[in-house]
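The values are calculated or read from the model by the stated rules, or taken from the named source; none is laboratory data. Note that the coordinates shown come from a computational prediction; the quantities given were computed from them, not determined experimentally. Glycine also receives a Cβ, built like all others from the backbone with ideal geometry; neighbour counts cover every protein chain displayed.
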Amino acid sequence: MKNDPKALGRSGETAAVSFLQTRGFAILETNYRTKLAEIDIIAKDKDCICFIEVKTRHSLRKGLPRESVNYSKQKKIILGATFYLKDKKQINSRVRFDVIEVYKKNGSFEINLIENAF
């Protein structure tokens, strides 16, 4: 899987969904796509709609996973979130933008949720 970044990313997203569910989040959407953006996970945490970017790594050679969620990526996620909220008529909902870092080592996952990441 080290040679297949897409497979690594999919496995990280699957692990992230399980992680969120065990913490009481309700998963609303996964891989939500618009013309301008893709949001990995949209979930509800109590009264808050969370737009979550998942970054999976098997090594820290390229830096921390959260560091790859740069300003340009953040803008796209915000645009996608705006579209989602309008489409679902949830425009007045409380929202949060989170990042989940997933480290895959020896077949197991270490997961770090960063709430209000941007």
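Can you find a residue that is over 19 Å from residue 42 (Cβ atoms), surrounded by 13 or more Cβ atoms within 10 Å (Cβ to Cβ) and out of contact with any Leu (no Cβ under 7 Å at 6 or more places or on another chain) anywhere in the stretch 77-87? Looking for residues that are over 19 Å from residue 42 (Cβ atoms), surrounded by 13 or more Cβ atoms within 10 Å (Cβ to Cβ) and out of contact with any Leu (no Cβ under 7 Å at 6 or more places or on another chain), one finds none in the stretch 77-87, hence no. The residue of the stretch 33-44 that is farthest from residue 94 (Cα to Cα), among those that are in contact with a helix residue (DSSP H, G or I) (Cβ under 6 Å, 6 or more places away or on another chain) and at pLDDT 95 or above, is 40. The residue that is surrounded by the fewest Cβ atoms within 10 Å (Cβ to Cβ), counting only those in the stretch 101-118 that are among the aromatic types (Phe, Trp, Tyr) and under 12 Å from residue 8 (Cβ atoms), is 109. If you take the residues of the stretch 1-34 that are part of a loop (DSSP other than H, G, I, E, B) and of a type outside the set (Asp, Glu), which of them is nearest to residue 66 (Cα to Cα)? Per the stated criteria, the residue is 2. Note on the stretch 35-74: residues that are acidic (Asp, Glu), more than 21 Å from residue 109 (Cα to Cα) and part of a strand (DSSP E or B) total 2. Total residues in the stretch 23-55 satisfying the condition of being hydroxyl-bearing (Ser, Thr, Tyr) and within 10 Å of the chain's Cα centre (by Cα): the figure is 1.
Can you tell me which residue in the stretch 1-58 is surrounded by the fewest Cβ atoms within 10 Å (Cβ to Cβ), limited to those that are of a type in the set (Ser, Thr, Tyr) and in contact (Cβ under 8 Å) with a residue 40 or more places away in the chain? Step by step, filter the stretch 1-58, then rank; the result is 34.
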